[in-house]
Amino acid sequence: MTASPTNTPPVVQGATADSADSAGLLDAVGHLRTARRRRLGIVLTTCVAALAALGTLGLMLGDSTIAPGTALLAAFGEGDGGDLFIVQRLRLPRVVAAILVGAMFGLAGALFQSTLRNPLASPDILGIAAGASLGAVSGLLTFGLAGIAVAASAFGGGLAVALAIWFFAWRRGLHSIRFVLVGVGFAYLCQSFMTWLLARAEEREAASALLWTVGSVADVRGEDLGILTGGALVLMLGVAAVARTQGPLALGDDNARALGVHVDAARVGTLLLAVGLVALATSFAGPVAFVALVAPAIARRLLSDGSPALVTSTAVGALLVLAADLIGNHQVFGVAAPVGIVTGLVGAPYLLWLLATNERRERR
């Protein structure tokens, strides 16, 4: 005998409705994840295509212009001796250095901003890049160092300032606002020491040390480029290992603990990796201003999904530094300038805009 619909028990109807709601919710979550993956794929593909186009331009342009196909073949070891020398010895190292340095600054900025949950938490503003510059300038002017020893001194300076910020900011845990405020104080302190060292130095020594205050990828080649590449790969693998904690940390400490994240350990580990990225990049290229601040903001705006956007920030940072180096190196606006000057001209207006929009948001 078939039961009529009116004889169906109420509890079965409720279970059916709950099942339908759950299925609808799962479908909605599935569509959302698919849309996020599609958008991420489009953004990353666009960034990689732009990097390939700008990188090819970097190989082609110079005192003697080389055709695109010839430049690409020379980059892979094919062609006559002249093209091979120009591309592989002069232009390719500069392009690779710009991509690596930009990627490291972009990733470090994203890690700082997501871990401290503050869009102003950039190594430029926190003083870590300034600490690395102070280490390099001190090594040059005070201890007479040269070559790789200057890079090591810069790395030590960045790490020392980061540890000092930690020491003064730690109060039974790491509070983001306190970390940023202490970092801003150290940034001014490092800048003051650098100015004092430059003011009392001989003119020739000061000229060489000034390069460490603006940022340039022009001379990163050979052994330096190998160390930079190896260090970047090791640190990025470390970031990949801790990346899963960034989403929960972005939701706040209580929510992150509820999701099983050891907040203090995750924050300390992530910030150590970010400091390592900044110190290593600065130790070879100097402080390339504002890339760590601007790249994560652009990446988050491109994705618009509330994620830390680590991979996209890495790609956008590489794109920014490569484009800025091309602009400064080939005098697009009529003036030759190191990459740090060009990024500073772009980043300073962005910082003013960010401060103005934050102030308007707080007034609402």
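The values are calculated or read from the model by the stated rules, or taken from the named source; none is laboratory data. Computed from a predicted model, the values in this text were never measured in an experiment. Ideal geometry is used to build each Cβ from the backbone, glycine not excepted, and the neighbour counts take in all protein chains shown. For accessibility, only protein heavy atoms count, side chains too; no ligands or nucleic acids. Shrake-Rupley method; radii C 1.70, N 1.55, O 1.52, S 1.80 Å.
Values as computed for the structure displayed
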item: Selected from GLY185, GLY156, GLY260 as most flexible by GNM, with the chain as the system and alpha-carbon contacts under 10 Å; result: GLY260
item: Residue of SER304, SER313, SER216 that the Gaussian network model of the chain assigns the largest fluctuation, springs spanning Cα pairs under 10 Å; result: SER304
item: Highest to lowest packing among 231-240, 40-49, scored as the average C-beta count within 10 Å; result: 231-240, 40-49
item: Among LEU228, ALA258, VAL217 - extreme Cα towards positive end, dipole of the range 208-265, charges at beta-carbon; result: ALA258
item: Relative contact order of the range 248-358, defined on C-alpha pairs under 8 angstrom at six or more residues apart (%); result: 22
item: Most fluctuating residue given options ALA274, ALA309, ALA74, as computed from a GNM of the chain linking Cα atoms under 10 Å; result: ALA74
item: Descending Cα extents along the principal axes, the range 62-197, whole Å; result: 62, 38, 20
item: Debye intensity ratio I(q)/I(0), log10, the chain, q values 0.09 Å⁻¹ (C-alpha model); result: -0.56
item: Per-peptide average of other Cβ atoms within 10 Å, ordering 58-64, 340-346 highest first; result: 340-346, 58-64
item: Karplus-derived HN-Hα couplings along the range 252-259 (A = 6.51, B = -1.76, C = 1.60, θ = phi - 60°), whole Hz, x at Gly and Pro; result: x, 5, 4, 5, 5, 5, 4, 8
item: Top positive-direction residue, dipole computed over the chain with Cβ charges, set VAL180, VAL291, GLY41; result: VAL180
item: Whole-number accessible area per residue in Å² for the chain, which is evaluated in the context of all protein chains at 1.4 Å; result: 51
item: Cα gyration tensor category, rounded, prolate or oblate, for the range 120-248 with a/c compared to 1.5; result: oblate
item: Sequence-separation-based contact order of the chain, relative, with Cα cut under 8 Å and 6+ spacing, percent; result: 26
item: The range 218-355 shape via C-alpha gyration tensor axes, a/c threshold 1.5; result: oblate
item: Rg [Å, one decimal], Dmax [Å, integer] - the range 194-272, C-alpha atoms; result: 20.2, 58
item: Mean Kyte hydropathy of 1.0 or more with a Cα span along the axis of at least 15 Å, helices from DSSP in the chain; result: 92-116, 128-141, 148-169, 176-199, 222-242, 263-285, 291-303, 310-329
item: Contact order normalised by residue count of the range 135-267, Cα under 8 Å, 6+ apart, percent; result: 21
